[in-house]
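Structure, as structure tokens:
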Amino acid sequence: MRIHGFLPAVAGTGLCLVMLAACGDGSDDGESPPATTGGAPTSTPTSTPASTPAPTATGGSAVKGKVIVIDPGHNGGNADHPEVINKRVFVGNGYKPCNTVGTSTRDGYSEHAFAWDVGRRLAGVLRRQGAKVTLTRENDTGVGPCITQRAAIGNRARAAAVVSIHADGAPTSGHGFHVIEPAPVGRNASIVEPSHRLGIEIRDGYRSGTGMPYSTYRGENALDRRDDLGGLNMSTVPAVFVECGNMQNPGDAAKLSSASFRQRAAEGLATGLGSYLR
């Protein structure tokens, strides 16, 4: 997420559950450097579920009837509306930008588009298994919502789990994925332990589904605990961020740019959620 409260910066720079906008060096939870282009603000998307593609179902009943919130990091209109996403919001232990732009591959495939595609695919898999799914944004052309609003969506829904989807913008030498779990920051203290268990299952499901190796540059055994992401700090339900790979690394970028890989990513995340909720 580097370019990923949930957020990150422009391609090649670093910032990057559900919830709210993480990337690059692991600082892009939507809390990466703000965008600098102008433009009139547009209405912020709601949490209305988006339409989904038709990936292959993976079976299982552990998620049936469970409320799951999927938070696709960033948004396609963020770069054009710095006056919206640069607004400072309180994240429990300080202030962060409302959201960020996210990173992209060297070929121009954006993190926000990646997160949206994987999020829709994941929603489709889970809904076919009977889960009640909400996405924190309804398209990939809107602005925001703020990282605090994304967290609030999961809290209001009393979600069984929230997964925030991102891709990193770390140095090109680093590769692999990692899962970010919350550190205690006051209001989220009660969800730290269940979020850790969720993180382990998401890590294992994603790894088995995609074959992506653990991050070589962040975390330990692909798990990283942080207290600087608004989406995790403000959550009162179990939540994690997934940095699905490093968009600045050529090998990772090629995988993340592949539709078939994104389908495997969605199915792996669904497997992890099923294991956690079982």
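For labels at ASN93 and GLU220 in the simple 7 Å Cα→Cβ model, what's the distance in nm?
It is 1.7 nm.
Is the stretch 135-220 best put as rounded, prolate or oblate by its Cα gyration tensor, with a ≥ b ≥ c the root eigenvalues, rounded for a/c under 1.5, and otherwise prolate when a/b is larger than b/c, oblate when not?
Judged from the Cα gyration tensor, the stretch 135-220 comes out oblate (a/c at least 1.5, b/c at or above a/b).
Please identify every one of the trypsin sites (Lys or Arg not before Pro) in the stretch 72-113 that sits in a loop by DSSP and has no more than 13 other beta carbons within 10 Å of its own beta carbon. Present the calculation step by step, with values, prior to reporting the outcome.
Numbers: sites: LYS87, ARG88, ARG106; in loops: LYS87, ARG106.
Hits after loop and neighbour filter: ARG106.
So, in nm, how far is label ALA254 from label SER190 when the simple model puts each one 7 Å beyond its Cα toward the Cβ?
Computed distance between label sites ALA254 and SER190 equals 4.8 nm.
Give the cross-link partners of LYS132 among the lysines, using a straight C-alpha distance below 25 Å as the criterion and excluding same-chain residues fewer than 8 apart.
Correct list for LYS132: LYS64, LYS66.
Using Cβ contacts closer than 10 Å as the measure, can you line up VAL63, VAL185 from fewest to most? Walk me through the numbers on the way to the answer.
Numbers: VAL63 25, VAL185 21.
Least crowded to most crowded, the residues run VAL185, VAL63.
Once the other residues with Cβ under 9 Å from the Cβ of THR271 are scored (Lys, Arg +1; Asp, Glu -1), what is the net sum? Each step should come with its number before you reach the end.
Numbers: positive: none; negative: GLU201, ASP204, GLU267.
Overall, the nearby charge balance is -3.
For a quick check: sort MET234, MET247 by the number of other beta carbons within 10 angstrom, fewest at the front. Walk me through the numbers before you get to the answer.
Working: MET234 29, MET247 36.
Ascending number of Cβ neighbours within 10 Å: MET234, MET247.
Suppose we keep just the DSSP beta bridges with both residues in the stretch 67-277; what percent of those would be antiparallel, to 5?
Working: 8 of 28 bridges.
Antiparallel: roughly 30 percent of the beta bridges in the stretch 67-277.
Out of the trypsin sites (Lys or Arg not before Pro) in the stretch 108-170, which ones are loop residues according to DSSP with at most 16 other C-beta atoms within 10 Å? Working shown, then result.
Working: sites: ARG120, ARG121, ARG127, ARG128, LYS132, ARG137, ARG150, ARG156, ARG158; in loops: ARG137, ARG158.
Answer in residue order: ARG158.
Neighbour counts of other C-beta atoms within 10 Å: give me ILE68, ILE147 arranged from fewest to most. If you can, show how the numbers build up before the last one.
Working: ILE68 26, ILE147 37.
By the 10 Å Cβ count, ascending, the order reads ILE68, ILE147.
Which lysines, if any, have their Cα less than 25 Å from the Cα of LYS255, not counting same-chain residues under 8 positions apart?
none
Between rounded, prolate and oblate, where does the stretch 67-277 land on the alpha carbon gyration tensor, with a ≥ b ≥ c its root eigenvalues, rounded for a/c under 1.5, else prolate if a/b exceeds b/c? Show your work: numbers first, answer last.
Working: a/c = 1.27, a/b = 1.07, b/c = 1.18.
Cα axes put the stretch 67-277 in the rounded bin.
Got the relative contact order for the stretch 67-277 handy, in percent, Cα pairs under 8 Å and 6 or more residues apart?
Numbers: 495 pairs, mean separation 59.4, N = 211.
Normalised by residue count, the contact order of the stretch 67-277 is 28 percent.
With labels modelled as points extended 7 Å from the Cα through the Cβ direction, what inter-label distance (nm, one decimal) is found for SER208 paired with ARG156?
Using points 7 Å along Cα→Cβ, the separation is 3.5 nm.
Among the lysines, which have Cα under 18 Å from the Cα of LYS87 when same-chain residues fewer than 8 positions away are ignored?
List returned: LYS96.
Since every read-out is calculated from the coordinates, none of them should be taken as a lab result. Keep in mind it's a predicted model, so treat the numbers as computed, not measured. In this analysis, Cβ positions are derived from the backbone assuming ideal geometry, glycine residues included, and neighbour counts consider all displayed protein chains.
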